[in-house]
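**Student:** Quick one: the structure is below, and I'll ask about it shortly.
The values are calculated or read from the model by the stated rules, or taken from the named source; none is laboratory data. If you're wondering where the values come from, they're calculated on a predicted model, not measured in any experiment. Cβ: placed from backbone, ideal geometry, glycine included. Neighbour counts: every protein chain shown. Note: areas computed on protein heavy atoms with side chains; ligands, DNA, RNA excluded. Shrake-Rupley method; radii C 1.70, N 1.55, O 1.52, S 1.80 Å.
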Number of protein chains: 4
Amino acid sequence: MKDIQSLPDHRRINIKKVGVKDISYPIKVLDKARHHQSSVATVNMYVNLPHHFKGTHMSRFVEILNRFHGSINLKSFHTILEEMKERLQAEDAHIEMEFPYFLKNDTGQGMVGINEYTCRMHGSLAQTDELTMNIKVPIYPPLTSQADNSLTSSLGRWGIADISFSFKHFIWIEDLIKMIEEVTLHDLDWSDAPCEEVGRALSVESITHAIGEKLAKNHDISRFTVTVKNLAVGFNTFATLEGP
Amino acid sequence: MKDIQSLPDHRRINIKKVGVKDISYPIKVLDKARHHQSSVATVNMYVNLPHHFKGTHMSRFVEILNRFHGSINLKSFHTILEEMKERLQAEDAHIEMEFPYFLKNDTGQGMVGINEYTCRMHGSLAQTDELTMNIKVPIYPPLTSQADNSLTSSLGRWGIADISFSFKHFIWIEDLIKMIEEVTLHDLDWSDAPCEEVGRALSVESITHAIGEKLAKNHDISRFTVTVKNLAVGFNTFATLEGP
Amino acid sequence: MKDIQSLPDHRRINIKKVGVKDISYPIKVLDKARHHQSSVATVNMYVNLPHHFKGTHMSRFVEILNRFHGSINLKSFHTILEEMKERLQAEDAHIEMEFPYFLKNDTGQGMVGINEYTCRMHGSLAQTDELTMNIKVPIYPPLTSQADNSLTSSLGRWGIADISFSFKHFIWIEDLIKMIEEVTLHDLDWSDAPCEEVGRALSVESITHAIGEKLAKNHDISRFTVTVKNLAVGFNTFATLEGP
Amino acid sequence: MKDIQSLPDHRRINIKKVGVKDISYPIKVLDKARHHQSSVATVNMYVNLPHHFKGTHMSRFVEILNRFHGSINLKSFHTILEEMKERLQAEDAHIEMEFPYFLKNDTGQGMVGINEYTCRMHGSLAQTDELTMNIKVPIYPPLTSQADNSLTSSLGRWGIADISFSFKHFIWIEDLIKMIEEVTLHDLDWSDAPCEEVGRALSVESITHAIGEKLAKNHDISRFTVTVKNLAVGFNTFATLEGP
């Protein structure tokens, strides 16, 4: 077996990132209504090592994560990053978490259910802290409540709004979702026109714009990216904007 | 290392199936319009061995497949199964293939594209041949053509029709897709009513029934199963029927 | 819009199943060590309707599910099925749940982590109750603990064992996982032979057999199916057995 | 229905990208051995519009793509981008394609098969052309040929090498794959040591380094990123480097 670890370590091809990926992990997320909600996250943790390091203790990532018993909030995120930087003697530290977030569905759609939104958090710590949130909000043409129609169905799924943002002041995940759904469910009244006309009037550009306008007015949000995707026959269309 | 292969081979827990799975394989499928269309299949091949066999030559499955250079039709399917049965001394032989099938989109939706349908074939050979086809046909509320509106979008995706069938006489994949789309695109005229009314009138039960009626009238089809799924907020609804 | 709901309802193409699918739902599962563990399930619920029914109240499925607040155990499963049968006036009722199940990893692999196993439960109620469990247990060649080697890695993933079973007496999920891992981690000692020899000795047939022998000895299990899959270059191999 | 298209168009939240996504499309790729190989790509096409544009003709993307009948090479990529820029009056144009690429497996693993590698190309045209390739090469511990052992299995999958690169002079996909596999199959001789020792010696850092060294010596490659991922129990480890 050739000793590939003793290969000369040329400066220009130093390892940039090293870490653990795809850890499936039960978490508890802060939740405006119920204080804590249980979910299951997929976690990545990695660091940037100084040039003189050749390897790292991969087990330490998981040890640090275990110490927090899945309790995820702004404070624990910051502490995890600080411990990663210190214990792994790293220049910077990163943690990414993706998880389903649940909200009771009370949109008057005729069925009470639990809606699922995919959330992703990316925290990093170099000289300063940074936290980016990403939320995917599915877009459905809303139907009004229909008490006793046993054959009720939905109009299907129109598409998805994919929002990334950083914030100056803390924002609840449910408040951001509500902002987006005010645009997609309420500002756009799908129901009082023939289906075909609705289809003509709505476009990924117009909905992207409407969501962008809404986010630009919120002073807690510092930067954001909005992508809206529409499911169409044979391909999907999309538009992206950045703000402010 | 314990010799687990010499464990006593009790009759009641004999191996039932043995084979290869998830082979990604470039294929050529018979196509009504163009004779052959290229696609990429995921292939499973397996056999049922007589009780006195303890193992098989896994490489033979792939060797047999390679001999046909990806040319897939009723005849090659049958020959592959015969070779499997013979060369592996098997009681019965199975081959499953799943692949995207492409059709030019000329539904007058304002954009010319290529539509993709997921197809699956399951052929088996014991005493007699059997072949089951499965086709997934996405359901979209159709919009009529809109020559010069640059902001055009679709109404999204309503759901999917999932059809399994055996046949007495050969049926082209495109003919079966056309049968389904005649129901979902043409028999259901989505456009001349307010969106909300359309949503109330359509249900997985009614569309399942309409497709079932259509297939029951076709004398080339011997048995079929229809499942229609509607994408809704928080969950999907579905209905299944079998015929005839 | 054609009135497809008034199509004649020929007996031979009656709806067989109707229900809701792909509900993402936070659950609490009974857990030997900690009493309850939080997870997120994907839930399907459906019924078989009598012939004179033309549609059903889809919202009732979700209402019934909501009443149990995600608390999943043998008793709640049975009660959900009874309520479905009664409130939907169904001939039989089905509920399927798939969720990740977590166990602390103390296999001495050099890193303490949390292992994830995909579980699926399928409960049905016609004249009598039935419950089938399915558990997927990944198979890794084990390495012994390595306290201070910073460059530690694993030997990768060998494959997966996929076990379905019904039981006469209740079995903890962790007890079943332990049974499987005793075979894949302990009965097979991978480490004291050259890698290549290990590769030659292990086969999907031999591991399927070893797991089958183990399950056949357990008198709480009434019926079982074992499929073992090995990840290989270009394709995977697998073997399946049924018992007892 | 509110007229959301007439909302004031503040400069700071202009649409950045607009286009089509997830088009499933049959393609023909240039192939060193056989001239052309058929595959199926997932295609994204998008442009950056000047500020005074409010919408675009989504159908034009697909029209342009259709003109090339799926024939994909450096020249057609460039021509597609030029047409997109011109016909959509865009500031810059992008096309992304992901597709499985097939190579006959002649690594002496005892079974002749077809290996699949996931490839992605991202071409863009602003003032100048740019093309980035990405190839995912699975890593398996190699076993030497075993003519007549019917129970042969593999040692499983160790991990994956994920390579992105731009080039100064054209490189065949198969030549790049061969470079990577020379490191993972030949430079690392897995077989003549006990399994456990192999597991200790190999690490994502060492293999990342070995691949980086190899790519740095190739003068056709201008820039590259290497990520190597190892599948481990409960989580995966990874390392990333950039060069030159």
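**Student:** For the rotation taking A to C, I'd like to know which residue in chain A has the C-beta closest to the axis, plus that distance in Å.
**Tutor:** A:Ser38, 2
**Student:** Using modelled backbone amide H atoms (1.01 Å from N, in-plane), which distant-in-sequence or interchain residues come within less than 5 Å of A:Gly159's amide H?
**Tutor:** A:Ile139, A:Leu231
**Student:** Something else about it: Starting from the 7 Å offset along Cα-to-Cβ, what nm value, one decimal, do you get for the label separation of C:Phe68 and C:Lys32?
**Tutor:** 2.3
**Student:** Then there's this: Sorted from shortest, what are the nm distances separating the label point of C:His57 from equivalent points in the other copies, each placed 7 Å from Cα along Cα to C-beta?
**Tutor:** Taking the point 7 Å beyond Cα along Cα→Cβ, the inter-copy spacings are 5.3, 6.0, 6.4 nm.
**Student:** So if we plug the beta-carbon distance of B:Asn134 and B:Glu82 into 1/(1 + (r/R0)^6) with R0 = 25 Å, what FRET efficiency do we get, rounded to 0.05? Numbers along the way, then the final one.
**Tutor:** Details: r = 23 Å, r/R0 = 0.92.
Efficiency at R0 = 25 Å is approximately 0.65.
**Student:** With r defined as the distance between the Cβ atoms of D:Thr118 and C:Gln89 and R0 fixed at 45 Å, what FRET efficiency is calculated, to the nearest 0.05? Each step should come with its number before you reach the end.
**Tutor:** Values: r = 50 Å, r/R0 = 1.11.
The computed FRET efficiency comes out at 0.35.
**Student:** Also, I was wondering about something else. For the range C:128-244, take N as its residue count and report Rg(C-alpha) divided by 2.2 N^0.38 Å. Please list the in-between numbers first.
**Tutor:** Numbers: Rg = 15.7 Å, N = 117, 2.2 N^0.38 = 13.4 Å.
My calculation over the Cα atoms of the range C:128-244 gives 1.17.
**Student:** Could you go through the range C:169-177 in sequence order and give the Karplus-derived ³J(HN,Hα) for each residue, using 6.51 cos²θ - 1.76 cosθ + 1.60 with θ = phi - 60°, rounded to whole Hz, and x for Gly and Pro?
**Tutor:** With the stated coefficients, the range C:169-177 comes to 10, 3, 10, 5, 3, 5, 6, 5, 4 Hz.
**Student:** Taking all protein chains as present, what is the carbon and sulfur share of the accessible area of the range D:128-244, in % to the nearest whole number, probe 1.4 Å?
**Tutor:** 50
**Student:** Apply the Karplus curve 6.51 cos²θ - 1.76 cosθ + 1.60, θ = phi - 60°, to the phi angles in the range B:229-234 and return the couplings in whole Hz, x for Gly and Pro.
**Tutor:** Rounded to whole hertz, the list is 10, 10, 7, 10, 6, x.
**Student:** Between copies, how far apart are the D:Ser166 label points? List them in nm, one decimal, shortest first, with each point 7 Å from Cα toward Cβ, please?
**Tutor:** Those label-point separations list as 2.5, 5.9, 6.3 nm.
**Student:** Among the listed pairs D:Lys21/D:Lys168; B:Lys136/B:Lys168; C:Lys75/C:Lys178; B:Lys28/B:Lys214; A:Lys32/A:Lys75, which have their C-alpha atoms separated by more than 18 angstrom in this model?
**Tutor:** Working: D:Lys21/D:Lys168 29 Å; B:Lys136/B:Lys168 21 Å; C:Lys75/C:Lys178 24 Å; B:Lys28/B:Lys214 29 Å; A:Lys32/A:Lys75 16 Å.
Result: D:Lys21/D:Lys168; B:Lys136/B:Lys168; C:Lys75/C:Lys178; B:Lys28/B:Lys214 exceed 18 Å.
**Student:** Top to bottom by accessible area (1.4 Å), largest first, where do C:Glu130, C:Glu86, A:Glu83 land? Write down the numbers at each step before the final one.
**Tutor:** Numbers: C:Glu130 105, C:Glu86 145, A:Glu83 40 Å².
The ordering from most to least exposed comes out as C:Glu86, C:Glu130, A:Glu83.
**Student:** So how do D:164-176, B:215-227, D:17-29 stack up, highest first, on mean other-Cβ count within 10 Å? Provide the component values of the computation, followed by the final result.
**Tutor:** Numbers: D:164-176: 15.1, B:215-227: 17.5, D:17-29: 20.6.
Highest mean packing first, the order is D:17-29, B:215-227, D:164-176.
**Student:** So, one more: If you add up the charges near B:Thr225, with Lys and Arg at +1 and Asp and Glu at -1, over every other residue whose beta carbon is less than 9 angstrom from its beta carbon, what do you get? Display every interim value, and only then the final one.
**Tutor:** Values: positive: B:Arg223, C:Lys16; negative: B:Asp162, B:Glu242.
Residues close to B:Thr225 contribute a combined charge of 0.
**Student:** Give the nm distances, rounded to one decimal, from C:Glu130 to the matching residue in every other copy, measuring between label points 7 Å along Cα toward the beta carbon; shortest first.
**Tutor:** 1.8, 5.6, 5.9
**Student:** Buried accessible area for the D:A pair, summed, 1.4 Å probe, in Å² rounded to 100?
**Tutor:** Working: alone 15050 and 15050 Å², together 25150 Å².
Protein heavy atoms only, the D-A interface buries about 4900 Å².
**Student:** Could you compute the net charge surrounding B:Asp175? Neighbours are other residues with a C-beta less than 14 Å from the C-beta of B:Asp175; K and R count +1, D and E count -1.
**Tutor:** Computed value for this residue: -1.
**Student:** Could you work out, residue by residue across D:18-30, how many beta carbons of other chains sit within 10 Å of that residue's beta carbon, and then give the average as an integer? All intermediate terms of the calculation are to be shown ahead of the outcome.
**Tutor:** Values: counts 9, 7, 9, 10, 8, 6, 10, 7, 8, 1, 1, 0, 0.
That works out to 6 on average.
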